[in-house]
């Protein structure tokens, strides 16, 4: 039942080269060719290293008073909360994401065709928006409980919404699309032959899932869960709506309350250390499992009937309703009650800014991530691997901490590099980076490179080395090799990556707030302004607009990224 | 060779020379949101022709940005809510003193920095809100009394992470001493009817819905909710009228150390303390004007007059860290 056996049988070309052990293969590869990747990868890594070194420099002096206070009164509770959250969200997104992806990509049941892409829509809703919608809807003073009290009297006591369970559920509903998207692509790419072979060999659907599909999809699932967990660790908006204190809360408290940015940076670098361990663990667990590419499946593998079909539809519908329909309805109600009075011509500008930033950031980030993915494939030397891992770290930091680190790094560059150089060239000697559009786009790049890298690396891994080798032997190389061979094969992954980055940038708040040029307000900025004043109902207007703006690409791209015919 | 250098210089000029700042503009970094400052700035531009550019964000990042920009400053003014934040800005050394007879005349000294680095523009009271269904105003007296046993399970509070609560605690430490204040905070936490909320509006909604009977909120939040829900079963109570008075905080503005347009910035601040600007600035957010000669809006005036705490608001900043530590110890999350 080994994947490689089928992969090689399906392959039209011999690829004895790629089957050689790694250390032997390295002997054949010319080292100068590998070194060509060094400058590019190192420049990208340096870009990420710059803000990270700001964090490391913070360790120069330690404020023992704040540390001992945090340790005595806060840390045990915060660490406990964070651990609970990570375990809860991790298990939840895996169960939800994998089960939904399995159903929509391999089974046939009523409603599958539209649920297939609809289940991706919750990705357009920012975590903080889902959080305030749920709390607003379900808390004691909200419409649901008020109605229930009217029916059953004041004595009615329901489970608390602002609780550990509540925050875990909200984060699962917001972050499961990462796992769904990536494992769905993986299941679809596994091809028809494998699962049918499993069936022929007498495996039940469950056995086939556990023994064939799941092991092969593990890298993709792992990458999705890693993204979801990094988002969870860095989240501040959603947990603060629930007033659920996590490790990230301590970081913000130290900065906003004690005004000790250096202690906040120290805490953030500890968080980063944990994330590095998690990522390392994920890489190790991924181990030698190798994905393969086959022709995409043409028809469903399992036609569910009767109760099974209804269960499948019901499960998908339930998730879709909780994660998307109900929150959207609440936003629409709020919009009608309050938000619509704020609608004015300024929203055109807000939408355009949002789209422009999202589009540009997606373009830049995907291009850079593509370079990294290729470098790691073509030249997997320890130095390249370290550089690539380093470049992926930006995502794990709480947004505000990363934003301020980037801001400090840029202002340092402005002071030490831009101004002297511009003065020397006879310019005005003015700072160029900070407050410019390019600085903001760079900040997005640093933050979201990991989001783009995951899907790209995965789809690149599915291209067997024999394919480009064959192309080379036919005289195709250089740019033509990239555009004629790689790009068509990478298109689904590239689109997924672009979609993820685009929507993440739309939702991004702290870096946009801190580094946007004058007049470049976005929808997220408006949501921040409303929610910071507790005006959730009025935040419905920018939030609804943001979701709608994010929906179009989500729908468009999910349908093109990978789909099954029929 | 020469031609290439000339080309390079020309290129550099186009790239680098774009940032020359015009004299007839003022740049503001603001933690007060767009809709609460734009009307005032628009009025100023209409009156004088001076453009006011601004960005909004939270206080801490804005202050860090001013600090990082240093001598290459973009911002002239830092506009924040809460005196604690302004005091912190002063400590970070990102502001500079500026004296103005106009400001001294318009704004009472307790609402200004003693080093003349910032001035208050509008005032908000952080006061007690109570349910008109379940609480008689006679039952209420002081902030401190909310720690009494008879309020057990009846109190709603906002999170201690909000600077408004930190400032209130800081002034209580100043007046009552640390030991007594910590006891009061523990009493409050003990009396909570539910987990603390993330904003003041939620506290008011909870009182209205019957989840709790009393809470502590900023006055303008009450004003906003009352406008939406005129039949709100919640009213404001002015505590501590027999002793120090109601806790008052402010929204204020400071001149940055390396402001590129200090004179224009000063002129803007002076104008913002005049009656014309004061009624817009306080009016948009249902606050009390910091200029005592300007009457608050009718809605705000309808809440009744009260004795305000005469403590200089700077105390909130000086004791902020102490207050946070105490709130943490008391278990006020």
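Annotations
- Test: residue in region A:288-304 that is modelled with pLDDT of 85 or more, over 14 Å from residue A:400 (Cα atoms), within 14 Å of chain B (Cβ to nearest Cβ) and assigned to a loop (DSSP other than H, G, I, E, B): no
- Any pair with Cβ under 7 angstrom, 6 or more apart, that starts in region B:32-51 at a residue that is without any contact (Cβ under 8 Å) to a residue 24 or more places away in the chain and at positive phi and ends at one that is surrounded by 21 or more Cβ atoms within 10 Å (Cβ to Cβ) and assigned to a helix (DSSP H, G or I): none
- Which listed residue, of A:277, A:273, is surrounded by fewer than 22 Cβ atoms within 10 Å (Cβ to Cβ), farther than 22 Å from residue A:91 by Cβ and modelled with pLDDT under 90: A:273
- Conditions (1) within 14 Å of chain A (Cβ to nearest Cβ); (2) part of a helix (DSSP H, G or I); (3) touching a residue at least 24 places away in the same chain (Cβ under 8 Å): number failed by residue B:93: (2)
- Residue in region B:285-292 that is crowded, with 24+ Cβ neighbours inside 10 Å, touching a residue at least 24 places away in the same chain (Cβ under 8 Å) and over 20 Å from residue B:227 (Cα atoms) present: yes
- Counted residues, region A:143-159 - those being within 10 Å of another protein chain (Cβ to nearest Cβ) and surrounded by fewer than 18 Cβ atoms within 10 Å (Cβ to Cβ): 3
- Screening residue B:272 against (1) surrounded by 22 or more Cβ atoms within 10 Å (Cβ to Cβ); (2) at pLDDT below 95 leaves a single unmet condition, (2).
- Condition met for residue B:169 (at pLDDT below 95 and either on the phi < 0 side of the Ramachandran plot or within 11 Å of chain A (Cβ to nearest Cβ) (or both)): no
- When region A:516-552 is filtered for residues that are more than 8 Å from chain B (Cβ to nearest Cβ), within 16 Å of residue A:346 (Cα to Cα) and not in a helix (DSSP H, G or I), the ones remaining, listed by number, are A:520, A:522.
- Tally of residues being within 12 Å of chain A (Cβ to nearest Cβ) and touching a strand residue (DSSP E or B) at 6+ places or on another chain (Cβ under 8 Å) across region B:52-79: 14
- The residues of region A:243-261 that are assigned to a helix (DSSP H, G or I) and within 7 Å of another protein chain (Cβ to nearest Cβ), listed by number, are A:253, A:255, A:256, A:257, A:261.
Conditions tested, residue by residue: (1) over 27 Å from residue B:115 (Cβ atoms); (2) touching a residue at least 24 places away in the same chain (Cβ under 8 Å); (3) out of contact with any strand residue (DSSP E or B) (no Cβ under 9 Å at 6 or more places or on another chain).
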{"site": "B:299", "(1), (2), (3)": "yes, yes, yes"}
{"site": "B:302", "(1), (2), (3)": "yes, no, yes"}
{"site": "B:319", "(1), (2), (3)": "no, yes, yes"}
{"site": "B:323", "(1), (2), (3)": "no, yes, yes"}
{"site": "B:331", "(1), (2), (3)": "yes, yes, yes"}
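- Within region B:145-163, being part of a helix (DSSP H, G or I) and buried (at least 22 other Cβ atoms within 10 Å of the Cβ) holds for B:146, B:151, B:163.
- Number of residues in region B:111-144 that are in contact (Cβ under 8 Å) with a residue 12 or more places away in the chain, more than 22 Å from residue B:265 (Cα to Cα) and not in a loop (DSSP other than H, G, I, E, B): the value is 10.
- Scanning region B:181-221 for residues that are away from every other protein chain (no Cβ under 12 Å) and over 14 Å from residue B:159 (Cβ atoms) yields B:181, B:182, B:183, B:184, B:186, B:187, B:190, B:191, B:213, B:214, B:219.
- When the helices (runs of 4 or more DSSP H) confined to region A:146-217 are screened for residues that are within 25 Å of residue A:326 (Cα to Cα), those reaching at least 2 such residues are found at A:164-189.
- Any hit, region A:496-504, residues being surrounded by fewer than 19 Cβ atoms within 10 Å (Cβ to Cβ) and either within 14 Å of chain B (Cβ to nearest Cβ) or in contact (Cβ under 8 Å) with a residue 24 or more places away in the chain (or both): no
- Check on residue B:227, at the interface with chain A (Cβ under 10 Å from one of its Cβ atoms), under 30 Å from residue B:282 (Cβ atoms) and either in contact with a helix residue (DSSP H, G or I) (Cβ under 9 Å, 6 or more places away or on another chain) or touching a residue at least 40 places away in the same chain (Cβ under 8 Å) (or both): no
The values are calculated or read from the model by the stated rules, or taken from the named source; none is laboratory data. None of these values were measured; they are calculated from a predicted model. Cβ sites come from the backbone with ideal geometry, for glycine too, and all protein chains shown count toward neighbours.
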